[in-house]
Amino acid sequence: MTGTQGLSLQDYLAAELQSVDRVLDKWVPPETSEPVSIHRAMRYSLFAGGKRIRPILAIAAGRAVSSSPLGIENAAATLELVHTYSLIHDDLPALDNDDLRRGRPTCHKMFGEAIAILTGDALLTLAFEVLGRLPHIAAERKIRLVEELARAAGTVGGMIGGQVNDIEGERLPPTAALLESIHRAKTGALLRSSVRMGALYAGASAEQLGALSKYGEHVGLAFQIIDDLLDVEESSEALGKTAGKDLAQQKITFPAVYGQARSRALAEEERRAAHEALRIFDERAEPLHQVADFIVQRKA
Ligand code: IPE
Ligand code: IPE
Ligand code: MG
Ligand code: MG
Ligand code: MG
């Protein structure tokens, strides 16, 4: 038996995705709830085929620490709420101005800019409501989770800070230092926090939390290197989002600074370091190893 309960990686990811989606469906108001326009838009963007990699990482980290962290899917789902909000806003005309997301017209193309902005706001707000209402853990632990998620999504080294640097970096000379600070913040922070939230939920020791934070940093950086590579290498159809956008918008990306071959080698280095960070764990960390491989080997 493996840490993925004997399932292939593909089946494991599919099963985890389903359990995350079940929980999301439970927390997000139905489309019939007033005002229906916002609930329709929230569900449109959420249930459009995302990989759910952040909640999957959170659950896997929790299970590396404790064999059955009851209700962890609820905490994990909050990462997907924040992530989907960040995508809706990333696609807005004032940011990346994208028409296609998760294989569908973007939220603002479908519902208009005002509703898209509010949909992002609503998903972000709902994430913190869910953390406040988590059914199985003590209040003190909930507060740590709230702080963790807020910091990761925030301005100092967090997602919003990274998005600001990304937007302001357009057309600037792409330097290695700027590149790393953008990537660590805009994508790395939430991925690192995904792992940390799972660990905190499950009551990780300081040593475990430290090791998982390192793992999260490495998979976070690898994730955005691959996202940048896929933007160059794959079609819009395969990605479900517009390919070739980064070059067109003169974004500071790994391929722009290092070229494709070197970028792939750097992602490999991050993958190796992620595996190495897990050395203090037993076979319960097997899903985390496998997700690190998936992140670097994925084609979309
Ligand atoms: C895309 O994230 C945006 C980045 C942060 C790089 P994902 O590749 O996780 O997108 P979904 O959730 O699967 O659509
Ligand atoms: C977005 O990065 C990161 C977020 C915080 C949403 P990108 O702009 O590279 O994401 P894609 O390529 O549009 O998915
Ligand atoms: Mg962007
Ligand atoms: Mg974008
Ligand atoms: Mg991208």
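With the simple model of a label 7 Å out from the Cα in the direction of the Cβ, ASP293 to ARG133 spans 3.9 nm. Using only the alpha-carbon atoms of the chain as identical scatterers, what base-10 log of I(q)/I(0) does the Debye formula give at q = 0.16 Å⁻¹? Log10 I(q)/I(0), no solvent term: -1.39. Each residue was assigned an accessible area with a 1.4 Å probe, and for PHE294 the value is about 50 Å². Ranked from largest, the principal axis spans of the Cα set of the range 230-300 equal 45, 25, 16 Å. If R0 is taken as 41 Å, the Cβ-Cβ distance between ALA14 and THR175 corresponds to a FRET efficiency of 0.55.
Per 0.36 nm of contour for each residue apart, how much would the distance between PHE47 and SER235 grow if the chain were fully extended, relative to their Cα-Cα spacing? Spell out each step's value before the answer.
Working: separation 188, 0.36 × 188 = 67.68 nm, distance 2.19 nm.
Full-extension gain reported as 65.5 nm.
Near the amide H of LEU100, within less than 5 Å, lie the amide hydrogens of THR106, THR242, all on another chain or at least 5 residues away, with H placed in the peptide plane.
If the viscosity is 1.567 mPa s and the temperature 4 °C, what Stokes-Einstein diffusion coefficient in µm²/s follows for the range 1-77 when Rh is the Kirkwood radius over Cα pairs?
Values: Rh = 13.6 Å.
Stokes-Einstein gives a translational diffusion coefficient of 95 µm²/s.
Based on the Cβ-Cβ distance from ASP99 to GLU140, what FRET efficiency comes out when R0 is 51 Å, to the nearest 0.05? Once rounded, the FRET efficiency stands at 0.70. Put a dot 7 Å past the Cα of SER68, heading toward its Cβ, do the same for GLN250, and the two dots end up 5.8 nm apart.
Of the residues MET197, MET110, ranked by 1.4 Å probe accessible area with the largest first, the sequence reads MET110, MET197.
Calculate how large, on average over all directions, the projected area of the Cα convex hull of the range 1-139 is; give the answer in nm² to one decimal. Walk me through the numbers on the way to the answer.
Working: hull surface 36.3 nm².
For the range 1-139, the mean projected area of the Cα convex hull comes to 9.1 nm².
What you get for the range 103-231, charging only the Cβ of Lys and Arg (+1) and of Asp and Glu (-1), is a dipole of about 360 debye around the Cα centre.
Rounded, prolate or oblate for the range 99-206? Axes are the square roots of the Cα gyration tensor eigenvalues, ordered a ≥ b ≥ c, and the cut-off for rounded is a/c under 1.5.
Note, shape of the range 99-206 comes out oblate.
Placing unit charges on the Cβ atoms of the charged side chains and taking the dipole of the range 127-246 about its Cα centre, the candidate lying farthest along the positive direction among ILE137, PRO174, ALA202 is ILE137.
Annotation for ALA150 and VAL164: the two label points, set 7 Å from Cα along the Cα-Cβ direction, are 1.7 nm apart.
Considering every pair of different Cα atoms, what Kirkwood radius, in Å, is found for the range 206-246? Walk me through the numbers on the way to the answer.
Values: mean 1/r = 0.0859 Å⁻¹.
Hydrodynamic radius (Kirkwood, Cα pairs) of the range 206-246 is 11.6 Å.
The values are calculated or read from the model by the stated rules, or taken from the named source; none is laboratory data. Treat the numbers as computed from the prediction; the structure is a model and nothing was measured. So basically every Cβ, Gly included, is an ideal-geometry build from the backbone, and we count neighbours across all protein chains shown. These accessible areas exclude ligands, DNA and RNA; they are computed on the full protein's heavy atoms, side chains included. Shrake-Rupley method; radii C 1.70, N 1.55, O 1.52, S 1.80 Å.
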